[in-house]
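Reading through the structure tokens given below for one structure.
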Amino acid sequence: MANTDGNGYTIGFATVMVFVVGGILAALATGLKPAIKENERFEKQQSILYAMGVNENTDEEGKDKGSVNFVPTDKVEEAYTNYIKESFVIQNGKILEGEDAFKVDMKKQSKLPKSERKLPLYVGERDGKKFYVIPLYGKGLWDAIWGYVSLDDKLIVQGATFDHKGETPGLGANIKERYFMDDFIGEQIMNNGKYAGITVAKGNNDPINKTKDDNEVDAMAGATITGDGVTVMIKSTLKSYIPHIQKLK
Amino acid sequence: MGLLSKKDQKLILDPLADDNPITIQVLGICSALAITAQLKASIVMAISVLFVLGLGNVVISLMRNIIPSKIRIIVQLIVVATLVIIVDQVLKAYAYSLSKELSVFVGLIITNCIIMGRFEAFALANKPWRSFLDGIGNALGYGVILIMVGFFRELFGSGTLLGFKIFGDPIGNAETGPTGLYALGYENNGFMLLSPMALIVVGLIIWVQRSRNKALIEEN
């Protein structure tokens, strides 16, 4: 058997290993990229539709399934073109011509100073009612969190969906559960004519969320920082959209 | 288990009880604390570790005669990271919703000390089949504790199991108010959802286990 303790062997082994592993992973990543991209596109469409209330949360008999159910991937493309009528990219208060809102990378935009950010806005229509779907991107406890919120003409939240990259399972990861996302429906982002956003509040003594005009939803136990991240994300993003929604309606 | 010899059976059964990776060897505590707030997360993690440890042990065992001892830890880390990334990428392409479910666990699996511990302590010195059994046994032992902790934490922390409401509805709707036990004044223990409580639950399991089997108690 070869001597596996020598320096030459060690360096040789390391070199070969790097190339073998690097080769396998690179080939795999390139090969699977189209399929992964496609899945990510479907997911984005599903989330946008979910925020404006197009989902399969109720079964055929109208009974609530109690869990998060997106439009299935095989139907989402069609549903997306049916429901989303227009989309815009706003930068520094003006609508940019010839930009595809769907292709704006929220992660890149979040690193730019506020005045240079491109803000995508999707306008959907369901049962003759207009929905303004706004993408959000922010920080949770461990990693990125993001989501979509839809507003109506009166700036009342019609739906919200959140997701995360690495929040703690069972705690912060619960932002993608129905009980948290549903609380946002009907909330107002204005307070007496002034912008207030929505705060994920601890101990607001309103766990069923009966009062919708207090700009507050109930926080999740054990996930303070994720909840605060959601608050900051919503507060800082929605504000820049208000003038545009008022112009569009 | 007629298929396996006595010695092989020991490889699977010992880690389940008297040589449990979490309660006896005290490995893998970090992930046991981090992800056991819900039963479902515990089960997902247990299955993932079962897969990675079983496969990883075989790969390391096959390579055991050619791995230079000076860089063996790095080689082990690369093997486990490669395996996890391959699985993650394939799931992302063909089972997207499952991969989203698992995404949070990827980092936790790579750095799980049980995996490195078994590579180092067993797979480097044993044949592939025995290493495979050792990996499966240890992953099962790990999973059993994870599921036990997850069970108690979700039940008493959220009053649910796998999302089903066991003790009734703490909030209810506007007309009825809380239902089930909550109507009688029962409250969920929020502390159960936090990591320190996982440590306490693991401690209690260790206590029960050692008081039933006195041979496990170390001297002094």
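Rule-based calculations on the coordinates, nothing more; no lab input. The structure presented is a predicted model; accordingly, all values stated were derived computationally and were not measured. Cβ atoms come from the backbone with ideal geometry, glycine included; neighbour counts cover every protein chain shown.
State yes or no: is residue B:79 of a type in the set (Val, Ile, Thr), under 26 Å from residue A:173 (Cβ atoms) and more than 8 Å from chain A (Cβ to nearest Cβ)?
Values: of a type in the set (Val, Ile, Thr): yes; under 26 Å from residue A:173 (Cβ atoms): no; more than 8 Å from chain A (Cβ to nearest Cβ): yes.
Criteria not met by residue B:79.
Within region B:105-115, no residue satisfies the criterion of being surrounded by 22 or more Cβ atoms within 10 Å (Cβ to Cβ) and without any contact (Cβ under 8 Å) to a residue 60 or more places away in the chain.
Contact map, region B:77-98: first residue buried (at least 19 other Cβ atoms within 10 Å of the Cβ), second residue not in a helix (DSSP H, G or I), Cβ cut-off under 8 Å, separation 6 or more or different chains; pairs are B:79/B:63.
Would you pick out the residues in region B:13-26 that are under 22 Å from residue B:128 (Cβ atoms) and part of a loop (DSSP other than H, G, I, E, B)?
First pass over region B:13-26, keeping only residues under 22 Å from residue B:128 (Cβ atoms): B:13-16, B:19, B:21.
B:19, B:21, listed by residue number.
If I filter region A:4-11 for residues that are in contact (Cβ under 8 Å) with a residue 40 or more places away in the chain, in a loop (DSSP other than H, G, I, E, B), exposed (fewer than 15 other Cβ atoms within 10 Å of the Cβ) and within 9 Å of chain B (Cβ to nearest Cβ), do I get at least one hit? Explain how you work it out, then say what you get.
Kept after step one, since they are in contact (Cβ under 8 Å) with a residue 40 or more places away in the chain, are these residues of region A:4-11: none.
Scanning region A:4-11, I find no residue that is in contact (Cβ under 8 Å) with a residue 40 or more places away in the chain, in a loop (DSSP other than H, G, I, E, B), exposed (fewer than 15 other Cβ atoms within 10 Å of the Cβ) and within 9 Å of chain B (Cβ to nearest Cβ), so the answer is no.
Restricting the search to region A:90-119, which residues are without any contact (Cβ under 8 Å) to a residue 24 or more places away in the chain, more than 18 Å from the chain's Cα centre (by Cα) and in a helix (DSSP H, G or I)? A:115 - this is the single residue of region A:90-119 that is without any contact (Cβ under 8 Å) to a residue 24 or more places away in the chain, more than 18 Å from the chain's Cα centre (by Cα) and in a helix (DSSP H, G or I).
Can you confirm whether region B:33-42 contains a residue that is under 21 Å from residue B:121 (Cα atoms) and either at the interface with another protein chain (Cβ under 10 Å from one of its Cβ atoms) or under 21 Å from the mean Cα position of the chain (by Cα) (or both)?
Just the residues of region B:33-42 that are under 21 Å from residue B:121 (Cα atoms), to begin with: none.
Within region B:33-42 (the criterion being under 21 Å from residue B:121 (Cα atoms) and either at the interface with another protein chain (Cβ under 10 Å from one of its Cβ atoms) or under 21 Å from the mean Cα position of the chain (by Cα) (or both)), the answer is no, since none of the residues qualifies.
The residue list B:118, B:130, B:153 contains one member that is among the basic types (Lys, Arg), more than 14 Å from every other protein chain (Cβ to nearest Cβ) and in contact with a Gly (Cβ under 9 Å, 6 or more places away or on another chain), which is B:118.
The residues listed here are A:99, A:78, A:60, A:56; of these, the one that is out of contact with any helix residue (DSSP H, G or I) (no Cβ under 6 Å at 6 or more places or on another chain) and surrounded by 16 or more Cβ atoms within 10 Å (Cβ to Cβ) is A:99. Restricted to region A:20-53, and to residues there that are under 17 Å from residue A:176 (Cβ atoms), of a type in the set (D, E, K, R) and within 11 Å of another protein chain (Cβ to nearest Cβ), the residue that is surrounded by the fewest Cβ atoms within 10 Å (Cβ to Cβ) is A:40.
Residues that are aromatic (Phe, Trp, Tyr) and under 24 Å from residue B:63 (Cα atoms) within region B:84-131 comprise B:119, B:122, B:129, listed in sequence order.
Which residues, taken from region A:132-154, are within 14 Å of residue A:175 (Cα to Cα) and crowded, with 24+ Cβ neighbours inside 10 Å? Before you say what the answer is, go through the steps one by one.
So in region A:132-154, the residues within 14 Å of residue A:175 (Cα to Cα) come out as A:136-149.
Listed by number, the residues that qualify are A:140, A:145, A:147, A:149.
Of all the listed residues (A:165, A:139, A:130), the sole one being within 12 Å of chain B (Cβ to nearest Cβ) and basic (Lys, Arg) is A:165. The single condition from (1) over 30 Å from residue B:64 (Cβ atoms); (2) more than 11 Å from chain B (Cβ to nearest Cβ); (3) more than 18 Å from the chain's Cα centre (by Cα); (4) not acidic (Asp, Glu) that residue A:84 fails is (3).
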